[in-house]
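Below is one structure; the comments refer to it alone.
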Amino acid sequence: PKTASGRPDIVLHVEEKPLPLEVKVFDPERGYGKERIIKGFYQAKRYADDYAQHLGYLAIFNPSLTYLELKGNTTLPSLAVGSKEIIGLVIDINPNRPTASKETKIDREVVTDEDLK
């Protein structure tokens, strides 16, 4: 659906309440790095504004071997963007990721509240 800010990727309706969801891919080797994820948080915030919701949602698909960590000031995997809390869901989809017992060094990228200020 079209909103004042554009088109959210998905809008779920839970108990008659619209929940806009932005979707991004994190794959630094293909040029989809941290800046793209930061942009996704801002988009999710705008869509939460458009639907007058306190929470926004960002689904992040990660096909890379780089671990993506979201570090906010709450126990939820969320970051504050202005007056909104955006819940980020990182979904690791790389079938070649080593098992936990075989993984030695983890390359990681961290997105924090400070990155969104």
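The values are calculated or read from the model by the stated rules, or taken from the named source; none is laboratory data. This is a predicted model, so every value here is computed, not measured. Cβ sites come from the backbone with ideal geometry, for glycine too, and all protein chains shown count toward neighbours. Only protein heavy atoms, including side chains, enter the accessible area calculation; ligands, DNA and RNA are left aside. Shrake-Rupley method; radii C 1.70, N 1.55, O 1.52, S 1.80 Å.
For the stretch 101-117, which positions are in a loop (DSSP other than H, G, I, E, B) and open to solvent by less than 90 Å² (accessible area, probe 1.4 Å)?
Here is the first cut: in the stretch 101-117, the ones in a loop (DSSP other than H, G, I, E, B) are 101-107, 117.
Once the filter is applied, which keeps residues that are in a loop (DSSP other than H, G, I, E, B) and open to solvent by less than 90 Å² (accessible area, probe 1.4 Å), the stretch 101-117 yields GLU103, ILE106, ASP107.
For ILE91, only one of the following conditions fails: (1) in a strand (DSSP E or B); (2) open to solvent by 50 Å² or more (accessible area, probe 1.4 Å); (3) touching a residue at least 40 places away in the same chain (Cβ under 8 Å); (4) within 29 Å of THR3 (Cα to Cα). What is its number?
(3)
Can you tell me which of ALA44, ALA80, ALA48 is closer than 18 Å to ASP113 by Cβ and in contact with a His (Cβ under 9 Å, 6 or more places away or on another chain)?
On the way: ALA44 fails: in contact with a His (Cβ under 9 Å, 6 or more places away or on another chain); ALA80 fails: in contact with a His (Cβ under 9 Å, 6 or more places away or on another chain).
After ruling out the rest, the residue left standing is ALA48.
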